[in-house]
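In what follows, a structure is listed as C-alpha cells, so that the remarks can point back to it.
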Amino acid sequence: MPSIALARTADAREKTFTAFWLAVTAAVTLLVTPSLVHARSAPESFADLAEKVSPAVVNITTTTIIEARVDRSPMLPEGSPLEDMFKDFMDRDGAPPGRAERANALGSGFVISADGYIVTNNHVIEGADEIQIEFFSGETLDAKLIGTDKNTDIALLKVEADHPLPFVPFGVSADMRVGDWVMAMGNPLGQGFSVSAGIISARGRALSGQYDDYLQTDAAINRGNSGGPLFNMDAEVIGVNSAILSTDGGSIGIGFSMASDVVKKVVVQLKEFGEMRRGWLGVRIQNIDKDMAEAMGVEARGALVNDVPEGPSKEAGILQGDIIIRFNGIDVSSSDSLVKTVADAAIGSAVPVDVLRKNEAGTYAEVNLSVTLGRREDAEAAVVNTAAPGQSAPTTGEILGMKLEVLSDEMRSQMGLADDIQGLVITDIDQASPVAAKGLIPGAVITEAGQLPVTSIADFEARVKEARDGGRKSLLVLLKTGQTSQFMALPITE
C-alpha cells in the first residue's frame, strides 16, 4: 500500500509539473510571438485577387496628330546614289512629307468610380489628341482629360458609359510594410492585360521630386505598365506604377509606384478644380545636418531658411537664417516634410509658423508668426529665364557628360514630335561618363528633370544643382524617344 500511495503521489507530482510547464510554455509563446499573429504567409495563388480586380483595370491608347513635315532633303542630281539615303533618313517611317501623321502610344490605368473616373500617369497621356480606353471585357470608350499633375505624374480621365462601371477603391499606403505582398496589373510592352506579383521592397522612396512618396516593389513592371495599379491583398490600390530604374529601360525587378495616400489628394483636387492648387510659403530651405546644428548651437531639426524672395514669407517677416520648427501646429522634421505639409494647406489661409531666430545674445529663441499662403503653381509659372539682362540664353551646353541642345522647331519636325513637345535633345554622350552606363542614346529628348519641365540649359543646370544641394546622388529625368516616354535616374555625383 505504501508503494501504491507513493506511486500516486509521484504521478500527481508529475502531472502537476507537466501542467506547470505547459502553462509556462504557452505564456512564453504568447510573449515572444505576438508580432507573428498579424503576419501573412505567401498566398497560395493570386488568381482570386486578379479575377476580382481585372474588370476595373484598363488599357489606354493615345493618339497624337503630328503636323505635316516639310521636305528638307538637299537638292541632288536625279539617280545619285545619295538620293535614296537622304530620302530614307528624312522620312524614316515611310510617310511622305507634307502629310499629317498619327502616332500611337500605350499605357495602363484603373477605374476609381462607377461613373467613369480613371487614374493613370500624366506621361501616358501627355500631348495626346485622342485617348481611348479598353476594358477587360473588350469594351472601348473615348476618354476626356479632366486634369493632370506633373509633380506627381498623375492624370485623371473620365469616360461616359451607359451602365455603372466596375471600380477599385484606394487603400492606405502608409499601412504597407516592407515585405508585404503586392500585385501589379497593366499593359506591359503593349501585350494586353497582364499580372505580376512581388513584395514591397522599400517605402518612402524619393526620385528627386518635391512631393515624392514612392513604394518600391520587385513586382515586374515594364513599359506600358505606367499608370496601372499596385494592389494589396485586400484588392485595394496602394500605388500607381510610375517609374522604372534600370540601365536599359526594361524591367530588372525594381519598379516604383506613387503611394496611394499622395494620389488620393491629387485626385480630389483634379476632380474639383481640374488642376492642382498647392500652398506656397515662399522660402528657399535646406536641412540642418549634425555639423551645422553643432556650429549653430541648436538641435538637428526643422528647415533652415537660406533665402526669402518676394512672397508670403517675406511679407510675414520670416528672415534668412530662421529655422522653421513648426507649421500650422505640426512639427517640422526636415525641409521635405515642410514642403509636403505646406502643399496640403489651404491657399489664402493665415497659418501659424513658428521659427527659431538668432538674437543679439547669439542664442536662438522661438518667434511666432502668421503667414498667408500663396499658390505654388502661380509662383512657378512666374519664374522667368535666369539669363543675365542683355544676354540671350544659351541653346547648347555640356552637362553630366551629355551634349545638350534646346529642341528647335526644325528638330521637332525632323524627329516627328508634336508641336507642344519642349525640352533638350541629347546630341552626344561622353562614353567615359557615368550616364553612358545608363544606356542613353543621342536623339532622346529630356522633357522633365526633377519632375519639372526643362526648356532651357539653365533649367537643367538648376535641377542638377538642386538635387546635389539636397544631398541626392541621382536626378530623375523624363525622356522622350519617338512616341515613347520613359523615366530614368541619372547619376549626378561630381
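Nothing in this text is a laboratory measurement; each read-out follows from the coordinates by a stated rule. The model shown is predicted, which means the values in this text are computed figures rather than measured ones. Glycine gets a Cβ as well: all are built from the backbone with ideal geometry, and neighbour counts include every protein chain shown.
The fewest-to-most ranking of L165, L145 by surrounding Cβ atoms within 10 Å reads L145, L165. Structure note, pairs K158/K403; K340/K403; K290/K480; K144/K403; K271/K465; K314/K340: Cα-Cα distances above 32 angstrom occur for K158/K403; K340/K403; K290/K480; K144/K403; K271/K465.
Size estimate for the stretch 251-372 follows the Kirkwood approach: the inverse of mean 1/r over distinct Cα pairs works out to 15.9 Å. Measure out, as a whole number of angstrom, how far apart the alpha-carbon centroids of the stretch 306-368 and the stretch 468-489 sit. Their Cα centres are 31 Å away from one another. Sorted from greatest to least, the principal axis extents spanned by the alpha carbons of the stretch 396-491 come out as 38, 26, 23 Å. Solvent-free Debye calculation, one equal scatterer per alpha-carbon of the stretch 173-273: log10 I(q)/I(0) at 0.10 Å⁻¹ equals -0.24.
Please list, short to long, the whole-number percent of alpha-carbon pairs of the stretch 293-436 in consecutive 5 angstrom bins beginning at zero. Binned Cα distances yield the sequence 2, 8, 13, 14, 12, 9, 10, 12, 11, 7, 3, 1, 0, 0.
Proximity of backbone amide H atoms, modeled 1.01 Å from N, is registered between S474 and I492 at under 5 Å, excluding neighbours fewer than 5 places apart on the same chain.
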